[in-house]
Amino acid sequence: MADRFFPNDMPDFIPETPLEEPSAERAGYSLTKLLSLPYKTLSERLQQAALDLKETVVRETWGSNGERVKDYTLYTGALGTAFLLFKAYQVTNNKNDLDLCSEIVKACDSASRGSRRVTFICGQAGVYALGAVVAKHCGDQQLCDHYLTEFEQIKLPKDLPDELLYGRSGFLWACSFLNKNIGKKTISSTKMRAVVDEVIKNGWQLGRGRCPLMYEWHGKRYWGDAHGLAGILHVLMDMELKRDEVEDVKGTLQYMIKNRFPSGNYPSSEGSESDCLVQWCHGASGVALTLAKAAKVFGSEEFLRAAVDAGEVVWNRGLLKRVGLCHGISGNTYVFFSLYRLTGKVEFLYRAKAFACFLNDRAQVLISEGIMHGGDRPYSLFEGLGGMAYLFLDLIEPSEARFPGYEL
Ligand SMILES: [Zn+2]
């Protein structure tokens, strides 16, 4: 499956060296040269690239349409642009970005009326949760309350799946996002507990002892972050769990580690023998983020080792021929940020930098040449250049970098 990704021929490590004379700085850089730049110089360069990209993303996804939002979601729609603008505001403090972000969320609010989707990434919970947090930053308490009221009124349909993009765990993530960014008890633990009960009960039903928790989406038992186990477990670890539930989360992760491929990669679904996907939605990348979180939450060496192993797969097979967060290089880069945060090891920061520099140096040229796929929604947050811009902004404070809409 070598054609899914570029072979990673970047050196295992390049030390940073001081800048040469200013003329060289202007002369353009090869990838190796980029990687040897002092961190601050590099991250400032990427910040500028990110802010330029942000302008393009806004123009392409919002500028021409104005308030006529067709796709309101964070995943491929206008809310993704709003999320990018909010990030840009947090980095540069540019109030224009915050104002435009707020305007876009309002349009998403209108566009999402009548939608039955309830998650952060693909549904109304994302609109209301981000809306409340942005309103708080704008100092508009009335608007903040409006969004919180709307959030409280979301009804979870009985036939909801449990996965992240459309299911219960995607709703729970939005609750955690609010509690982190607005205040601890914004969404009550009673309300969240009722949803957690459902998720755990469903997991037990399908697990049936072989693996403590198991879930299904459209008839398939997925393992990845978007539709499967890794994503659900990731969210559950932010909940107040009972002791046996904690053991089941650990046991499920141990089951996954035990049944990974000999290559170190993870199947995209239960029983799959196809060892080809290394991306956030399916395979080692998404599982690595969940393992890294488990290593932190449980203080576990076992999960730390497994997270590092999964990170190795991402380093070798993660330079995908796509740029996005969901199944592209930008998403894979967050694995290294996560391992860096967990271990403090500069080799992981280097790897994050290397993937980001590869994108900065080559992605747009490779897309224009048709060698890389630009994404079905080429400017969106999860499939396109929006995600790449977000990633570049996260390089400024790498220990604070979080996979957007997924890591808290
Ligand atoms: Zn994907």
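Structure notes:
- When each of 286, 251 is tested for being modelled with pLDDT of 95 or more, part of a helix (DSSP H, G or I), within 15 Å of the ligand (Cβ to nearest atom) and not aromatic (Phe, Trp, Tyr), the lone residue that passes is 286.
- Test: residue in region 293-309 that is within 13 Å of the ligand (Cβ to nearest atom) and over 17 Å from residue 349 (Cβ atoms): no
- Options 375, 324: the member that is at positive phi and either of a type in the set (Val, Ile, Thr) or within 15 Å of the ligand (Cβ to nearest atom) (or both): 375
- Residue selected from region 300-318 under the condition in contact (Cβ under 8 Å) with a residue 60 or more places away in the chain and surrounded by fewer than 24 Cβ atoms within 10 Å (Cβ to Cβ), by the criterion farthest from the chain's Cα centre (by Cα): 316
- Verdict on residue 271 being not hydrophobic (A, V, I, L, M, F, W, C) and not in a helix (DSSP H, G or I): yes
- Qualifying residue in region 330-341 (condition: within 12 Å of the ligand (Cβ to nearest atom) and more than 19 Å from residue 57 (Cα to Cα)): yes
- Once region 272-283 is narrowed to residues that are within 9 Å of the ligand (Cβ to nearest atom) and farther than 15 Å from residue 164 by Cα, the residue that is surrounded by the most Cβ atoms within 10 Å (Cβ to Cβ) is 279.
- The single condition from (1) more than 15 Å from the ligand (Cβ to nearest atom); (2) touching a Ser or Thr at 6+ places or on another chain (Cβ under 7 Å) that residue 387 fails is (1).
- Complete set of residues in region 187-230 that are touching a residue at least 24 places away in the same chain (Cβ under 8 Å), touching a Cys at 6+ places or on another chain (Cβ under 8 Å) and not hydrophobic (A, V, I, L, M, F, W, C): 224, 225, 227
- Test result for residue 217, surrounded by 24 or more Cβ atoms within 10 Å (Cβ to Cβ) and of a type in the set (Phe, Trp, Tyr): no
- Residue list for region 394-407, restricted to those being of a type outside the set (Gly, Ala, Ser) and within 14 Å of the chain's Cα centre (by Cα): 394, 400, 402, 403, 404, 406, 407
- Test: residue in region 354-361 that is crowded, with 24+ Cβ neighbours inside 10 Å, within 26 Å of residue 275 (Cα to Cα) and either within 16 Å of the ligand (Cβ to nearest atom) or modelled with pLDDT under 95 (or both): no
- Selected residue (only one of 305, 341 is within 21 Å of residue 258 (Cα to Cα), modelled with pLDDT of 95 or more and out of contact with any strand residue (DSSP E or B) (no Cβ under 8 Å at 6 or more places or on another chain)): 305
The values are calculated or read from the model by the stated rules, or taken from the named source; none is laboratory data. Just so it is clear, the structure is predicted and the values come from calculations on it, not from any experiment. For neighbour counting, all protein chains shown are included, and Cβ atoms are generated from backbone atoms with ideal geometry for every residue, glycine included.
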